[in-house]
1. Between residue 100 and residue 403, with labels modelled 7 Å along Cα→Cβ, what's the label distance in nm to one decimal, could you check?
2. In segment 388-429, which GluC sites (Glu not before Pro) are in a loop and have at most 15 other Cβ atoms within 10 Å, using DSSP for the loop call?
3. In segment 339-385, what trypsin sites (Lys or Arg not before Pro) fall in a loop by DSSP, with at most 12 other Cβ atoms inside 10 Å?
4. Which one, 326, 391, 347, is farthest towards the positive end of the dipole of segment 299-393 when Lys and Arg carry +1 and Asp and Glu -1 on their Cβ?
5. Just the ratio, please: alpha-carbon radius of gyration of segment 1-125 over 2.2 N^0.38 Å, N its number of residues.
Amino acid sequence: MDDTGAPRTRAYVLHPDIKSEKRTRDAARALEEAVSLAAALPELDVVGAEVVNLPRAQPGLLFGKGKIETLAATLKAEEIDLVLIDGPVTPVQQRNLEKRWDVKLLDRTGLILEIFADRARTREGVLQVELAALSYQRTRLVRAWTHLERQRGALGFVGGPGETQIEADRRAIDEAVTRLRRQLAKVVKTRELHRKARAKVPYPIVALVGYTNAGKSTLFNRITGAAVMAEDMLFATLDPTMRGVALPSGRDIILSDTVGFISDLPTQLVAAFRATLEEVLSADLILHVRDISHPETEEQAADVQGILEDLGIGDSSPMIEVWNKIDLVPDEEARVLQAQADRRDDVQIASALTGKGVDALLAAASEALAETSFDETLSIGFENGRARAWLFEQGVVEAERQSETGFELDLKWSARQKTRYQSLFGPEA
């Protein structure tokens with residue numbers, strides 16, 4: 001039974017290890033992560049999991065016929081309701097496997113969508129998940145399944161008691177997508193107004209990013225004293241949270257906690273959550289939180305870096321790597337890591353759980369934000385009133401003179417502020 005008293009869904013997790021595909025991840029650890037993903041949904045009871053070695057994926061069934069028969073016997077004996085396949089499954093493969101095994105099936109994308117749907121709390125988060133779910137469902141046009149019984153707005157994957165299953169054709173889905181995008185645009189516009197209001201303060205934004213379960217929310221709570229959900233669970237945080245913080249230098253900043261990244265993050269979610277992650281795009285400093293105790297910390301860091309690049313955040317963005325969970329690392333290894341970190345300006349060792357290294361991290365953040373200002377005179381035409389207003393809002397105007405064509409402004413600003421100005425108004429503004 002789950003927390004609501006409803007029977008839990010008996011699930012079985014499969015990780016296809018396809019030899020014809022180049023994979024950097026260890027199959028056993030990938031399976032472990034998939035089981036953790038499934039455990040993030042309280043309605044699921046994972047009763048078994050295994051790696052399935054495949055020379056290549058079969059177009060219609062994914063697995064070979066012999067393996068399908070073996071798994072069919074296992075699933076029947078264990079009374080499995082739902083099979084979770086840790087990887088992409090085509091609509092044809094899904095339909096054929098469901099028939100052969102007489103179970104419902106979700107691939108990795110579908111499972112992550114389920115988790116996001118379960119966790120979304122803000123209006124924007126809910127809309128983004130629905131949009132991603134519809135984009136995913138449009139490629140399938142399959143009936144919804146009702147094994148995970150819970151009462152909430154159904155997305156088409158999961159229904160609650162008494163809910164009808166979604167049977168929509170592409171036209172209906174496209175209409176729903178259009179409606180959701182319109183609603184989301186309004187929410188994003190409101191958040192944009194909030195961001196502009198913050199820019200007038202102006203406080204620098206420091207954004208926490210990292211692989212899911214790296215300890216971002218624990219670090220956020222440690223720094224801010226907030227009580228953001230921080231559990232040993234994948235995707236514990238979904239909706240972004242922001243708090244004002246005073247650094248040891250006395251400087252005020254806004255700290256932003258964001259959704260965790262994960263390998264093979266569904267493209268639908270990257271696109272749908274781009275608006276939420278715009279807080280990272282506009283951040284003055286990014287803290288990349290890594291679980292340094294994880295055996296695949298390097299691979300996880302590479303996944304995060306790849307998603308940041310997809311979002312348009314390159315190497316030029318100021319970033320500090322936070323090697324978190326050092327308390328879980330054996331002493332000898334911790335000393336080696338500390339020696340490595342000491343040789344780099346962009347790395348800080350910390351334990352968000354114990355507080356070790358957090359003060360040094362905040363000092364490093366203060367130093368990174370304390371940029372050298374320089375003087376520059378800028379000419380702005382009368383038609384560029386918005387650019388002129390922005391400069392005054394940023395507090396960088398030292399003096400102003402009017403000319404025949406516009407204004408000449410004496411500025412004291414940082415390279416970061418100049419770059420942001422040019423990105424907003426163009427180099428000629």
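Read-outs throughout are calculated quantities, based only on the coordinates presented, and are distinct from any laboratory measurement. These numbers were taken from a predicted model, which means no experiment stands behind them. Here Cβ is always computed from backbone atoms with ideal geometry, including for glycine, and neighbour counts include all displayed protein chains.
1. 7.4
2. Passing both the DSSP loop test and the Cβ count: 404, 428.
3. Here the sparse-neighbourhood loop sites are 343, 344.
4. It is 391.
5. Output field value: 1.08.
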